[in-house]
1. Note down the magnitude of the dipole of the stretch 9-60 about its Cα centre, charges +1 on Lys and Arg C-beta and -1 on Asp and Glu C-beta and zero elsewhere, to the nearest 20 debye.
2. Please report the orientation-averaged projected area of the stretch 9-60, defined via the convex hull of its C-alpha atoms, in nm².
3. Length gain on complete extension for the stretch residue 7 to residue 62, per 0.36 nm per residue less the alpha carbon to alpha carbon distance?
Amino acid sequence: MQRPVRLSEDQMSAVLAASYPLPADRRSDFLVDIARELAGLPEIGDGALHRVIMTTQRKYFAPPIVEHHGHHKHVGKYGLFIAFVSRHFGLTPGQSSNSSE
């Protein structure tokens with residue numbers, strides 16, 4: 001059995017705030033993973049909590065890709081590059097342009 005995780009009010013607020021951008025059906029799993037990771041730490045400081053939140057949130061958060069007038073928004077520069085390559089060259093990430101397969 002895991003030991004209880006004790007968080008300050010500010011730390012708990014940070015965990016809950018990190019769950020808000022996630023899809024509602026994934027928040028519970030996110031909170032369980034956070035608790036599991038924190039239970040394995042000898043001490044829970046603000047820095048350790050932040051690292052656990054960031055690494056765990058990446059597993060559950062997928063930013064939306066919104067196409068507006070033929071342009072992708074909110075995907076970052078690499079997302080735009082991948083969209084450009086996929087559209088114009090028919091390549092997917094990890095696929096070589098000179099592969100004969």
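Values in this text are rule-based calculations from the coordinates and carry no lab data. No experiment lies behind these values; they were computed from the predicted model shown. Backbone-built Cβ (ideal geometry, glycine too); neighbour counts: all protein chains shown.
1. Details: 6 positive and 8 negative charges, 57 e Å.
Its charge dipole is roughly 280 debye.
2. The Cα convex hull of the stretch 9-60, projected and averaged over all directions, gives 3.3 nm².
3. Values: separation 55, 0.36 × 55 = 19.80 nm, distance 2.69 nm.
In short, 17.1 nm is gained.
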